[in-house]
Amino acid sequence: MYESFSPLSDKYVENPKRRILIDRVYITLQIPFLWSVLGNHFRKDIYEDLNHRFPQFVKRMVEKSGAKKSATFHFQIPVEMRSGKPVEEDLDGKEVASIAISMKSPHIARGYFNMNRVYLLKKGIDPYEDSFRDDNVLPIWVEEDNEGTLLKEYCRLFCERIEEFKFEYIYYLKNAFGIDVLEIARKLGKMEDLYSLVDVSVQSAEIDIEWLNCESLQFQFITDERKTNHLKVYGDLTQTEYYTSPSARNPIQWKRYQKGAGINRHEFTWNGDISRKWLVGDPEYLYHSVIHGVHQSYEHFGYNFDNLKPLQLKGESVVQTCAEWWHVSLDLAKTILFGKAYSLTFDFHTKGLRERLMANNLIEPLEKELGGKRGVYRWNDTVQGMRLFYQGVYRCECGSLMRYDPVQYRHICEKCGKIDDYSRFSIGNEQFEVIGFKSLGEVKNG
């Protein structure tokens, strides 16, 4: 049995690290003068042509006009992928952006893009190597600075992506639909820049406020406060909480969940007029508009963004939670997370420990290309990610962040001088390439 205790202190984290990001965005694109030129009706000829040439890109989608909804065919194609090949040659990559053009004149289009994927792609960050194997979250080491450099870069890339959509829209109207917008504009005497003829409107967008080095439990006070006030759903498996808007006239949705180890995401969805008013302008204006919108979103739900802080976790509480999840002792949990062992072997006396680790999906056979052979195991990828995370955010009892020394295998508190030494948990040779569990010493089977 484990001692019952509250993992939360009554103190808040001073100067918490957080970053504001634009996530998934949905837009509409149209060229107003095409209404008078092309009318408003389903183009059977275009449908038959595209369905013959590009059947994989013909999709039936619902359109909304005022209060009415109707289904019509769209030409939907990815326009940016995580792949080194042209989109037309390789559709197996991860979709970064796509466009869907209606086959009903005047051929209004819908665009979608994921700004996290845009940023990762433009910066050459591989989410499957540098993050949590998730292409919709930045690595935890990408931090915001006092100048707002990260959000400013997002705003710049956002505006660039909008301009690219204008080009892609005109391109596919001409090459897939046979509609030459430039020629029509000249006949109508419109001498403006071609891309200025395209109207773009944001329909909805997700804005992420990610609290770094933070667990969902540290915002437990939000859960408690909203249980009787607009807490719509709580998912025990995903730890996702959905909060309904206090006002039906203000279409802001809020959900909070743990995106990865040490990343608690507060995700606001801006819909309708709010997204159209708040996500406009050049990069500089957009930057200030997003920040202002984040403040308004928190205020809408009764919180002050400037004053909001996560609660501190007590020293060993998170590691204690891992021990309870895995049904092992606290010392063994520390060995898993902080000890020298990477590759592991077991003998007759410790086969029970091996079975317990395998039952909890903590270890797996070491791959042959890494020197693996029968009876040699390694921590699985989830444990490896947790090792990296917890080594960086372990907190001292005094509340200060402790620095992890990967050479000495210990945490050091720079404030009070406390040292948690894990080198005593090393079992086997000093090179720690393969650690043999032959004598557990201070590490108990729990």
## Note on the structure
Note, GLU144: beta-carbon cut-off 11 Å, +1 each Lys/Arg, -1 each Asp/Glu, net -1
### Task
Fewest Cβ neighbours within 10 Å first, please rank SER245, SER102 accordingly.
SER245, SER102
### Extension gain (nm, one decimal) between PHE305 and TYR257, 0.36 nm per residue minus Cα-Cα
15.5 nm
#### Entry: Full-extension gain in nm, SER201 to GLU367, via 0.36 nm per residue minus C-alpha separation
54.7 nm
### Task
Could you list MET115, MET386, MET191 in order of exposure, starting from the residue whose Cβ has the fewest other Cβ atoms within 10 Å?
MET191, MET386, MET115
### Query
Which FRET efficiency value, to the nearest 0.05, is calculated for LYS227 and ASP49 with the Förster distance at 56 angstrom and r the Cβ-Cβ distance?
0.50
### Query
If you rank ASP331, ASP347, ASP193, ASP405 by fewest surrounding Cβ atoms within 10 Å, what's the result?
ASP193, ASP347, ASP405, ASP331
### Query
For LEU344, what is the net charge nearby, where nearby means another residue's Cβ is under 9 Å from its Cβ and Lys, Arg count +1, Asp, Glu -1?
+2
### Charge tally in the Cβ shell below 14 Å around LYS190, where Lys, Arg are +1 and Asp, Glu are -1, LYS190 excluded
-3
### Task
Pull out the extension gain between HIS327 and TYR12, defined as 0.36 nm times the separation in residues minus the alpha carbon to alpha carbon distance; nm, one decimal.
110.4 nm
### Inter-label distance, nm, simple model (7 Å from Cα along the C-beta direction), LEU188/ALA359
7.2
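Only the coordinates and a few stated rules stand behind these numbers; no lab work does. Since this is a predicted model, take the numbers as computed values, not measurements. Here Cβ is always computed from backbone atoms with ideal geometry, including for glycine, and neighbour counts include all displayed protein chains.
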